[in-house]
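Structure first, then comments.
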Amino acid sequence: MVHRPQRKSLTVSVRPTSARPSRRLTAMAAGLTALLALTACGNSDDSEKASPLDGITVTGGNDTTAPTVAITPKPLSVTETTTRVVKAGDGPVVKNDEIVSVKYVLLNAKDSSVLDTNFGKQNLGLSLGTETLLPGLKKGLANQKVGSRVLVAVPPKDAFGEQGNTDIKVGGTDTVVFLMDVVSVTKPLASAEGKAVKPAANLPAVKVESGKPATITIPKGEKAPTKTVGANLIEGAGAKVEAGQTIRVTYTGALWKDGKVFDSSASSPQGYFETVIGKQQVIKAWDAQLVGKTVGSRVLMVVPPADGYGAAGSPPKISGTDTLVFVVDILAAY
């Protein structure tokens, strides 16, 4: 079993893309995290033609309260993903390899019922470059501008398929509609980049190769520290990570006692890991050490049990007395 930098009640999260250290908002917020997974590309309707979305009205709402979306006529059904820009933004154009932060309302177009929303909650980050994103979302968001409000009607083939999704009451023939406010966009780094920082002599040496677990060499004769130590190996020039943000990282975890790697994002299908930081979704040391670091940084952490998995450890590889060593590259924060 892979051991992840999660809290000591660690269990494997069920997600379409990864079973890494914690819950992450990769596909939909709250109950839809594991549901919005699949793929594709994007286009918009020809504004000179009548659109099946012309009868949809959007009224009210603010940053904390979802607007009201009324679908007429009902039921609405489309055979291809169809987009209508309710309000055009004036920010950067969203590209296919970027992470887009959105506020959304999800509705069943059959009866205009609201299935989910994240207004009043954390923004949802959608990585357009991943193969696990719903085709309809990628089609609807690609080439939009930051600041836009967009309606996207998605047929079953670009949403939940012929099986539908009984958990959110979507049938196999139901079109779903997303109202999305495009809040921001960010392009994740491939690896840490910035100013190199010379590590202290009593800390582990680190060698990082792309696509492989980092090599972590424990200093001979040194006792493990009794308190968590965090040090930059590379100081990134990006924005500071804030509590409550989702971060994308690559990481390797090893044991101080013998330097053996117990987990690495390199072993995941996508090669990276995403988690909400600063909100007790990962072990205490990650929250304490990564909040306030800058995007682009490579961070070395030496973590005693109290700030890791506690006295219970995470058997069979991590005992309750094991000090852990992590090297983490911060690739994005959104």
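The values are calculated or read from the model by the stated rules, or taken from the named source; none is laboratory data. Model, not experiment: these values are computed from the prediction. Note that each Cβ is placed from the backbone with ideal geometry, even for glycine, and that neighbours are counted across all protein chains shown. Keep in mind that these areas ignore ligands, DNA and RNA; they rest on the heavy atoms of the full protein, side chains included. Shrake-Rupley method; radii C 1.70, N 1.55, O 1.52, S 1.80 Å.
Summary of computed values
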quantity	calculated
FRET efficiency for Lys220 and Lys187, using Cβ-Cβ distance with R0 set to 45 Å, rounded to 0.05	0.65
Förster radius 22 Å - calculated FRET efficiency between Lys317 and Ser268, Cβ distance, rounded to 0.05	0.80
10 Å beta-carbon shell around Pro135, net charge (K/R +1, D/E -1)	+2
Charge dipole (debye, nearest 20) of the stretch 51-155; +1 at Cβ of Lys and Arg, -1 at Cβ of Asp and Glu	140
Per-residue HN-Hα couplings for the stretch 299-308 [Karplus 6.51, -1.76, 1.60; θ = phi - 60°; Hz; x = Gly/Pro]	10, 9, 10, 10, 10, x, x, 4, 9, x
Within straight-line cross-link reach of Lys169, lysines at Cα separation under 16 Å, skipping those fewer than 8 residues along the same chain	Lys110
Estimated distance in nm for a label pair at Thr57 and Asp167, the labels positioned 7 Å out from Cα along Cα-to-Cβ	3.4
Selection from Ala243, Thr186, Ser113 lying farthest towards where the dipole of the chain points positive, charges on Cβ	Ala243
Highest-MSF residue in the chain out of Gly60, Gly89, Gly136 [GNM, Cα springs under 10 Å]	Gly60
Segment Glu235-Thr64, length gained on full extension (0.36 nm per residue, minus Cα span)	58.1 nm
Computed over the chain, Cα set: Rg, Dmax in Å	21.9, 75
Extension reserve of the Lys87-Lys145 stretch, reckoned as 0.36 nm per residue once the Cα distance is removed	19.9 nm
Gain in span if fully extended, Ala306 to Lys195, counting 0.36 nm per residue against the direct Cα distance	36.9 nm
Nearest-0.05 FRET efficiency for Thr79 and Ala288, computed from C-beta distance (R0 51 Å)	0.50
Amide hydrogen neighbours beyond the local backbone of Gln270, cut-off 5 Å, H modeled	none
Nonlocal amide H pairs with Glu131, under 5 Å, H built at 1.01 Å	none
Cα gyration tensor shape of the stretch 186-307, rounded if a/c is under 1.5, else prolate or oblate by comparing a/b with b/c	rounded
Å² per residue, accessible surface of the chain at 1.4 Å	45
Carbon and sulfur %, accessible surface of the chain computed with the full protein complex present, 1.4 Å	51
Using θ = phi - 60° and Karplus 6.51 cos²θ - 1.76 cosθ + 1.60, couplings along the stretch 152-163 (whole Hz; Gly, Pro as x)	9, 9, 10, x, x, 5, 9, 10, 9, x, 5, 7
Local electrostatic count at Leu107 - Lys and Arg +1, Asp and Glu -1, tallied over other residues with Cβ under 12 Å	0
Electrostatic dipole magnitude of the chain [Cβ: Lys, Arg +1; Asp, Glu -1; Cα centre; debye, to 20]	1100
Sequence-distant residues sharing a close amide H with Gly89 (under 5 Å, placed H)	Lys145, Ser148, Arg149
HN-Hα J in Hz across the stretch 192-207 - Karplus 6.51, -1.76, 1.60, θ = phi - 60°, x for Gly and Pro	4, 8, x, 8, 5, 10, 6, x, 5, 5, 8, 9, x, 8, 10, 10
Net charge of neighbours whose Cβ lies under 12 Å from the Cβ of Leu179, counting Lys and Arg as +1 and Asp and Glu as -1	+2
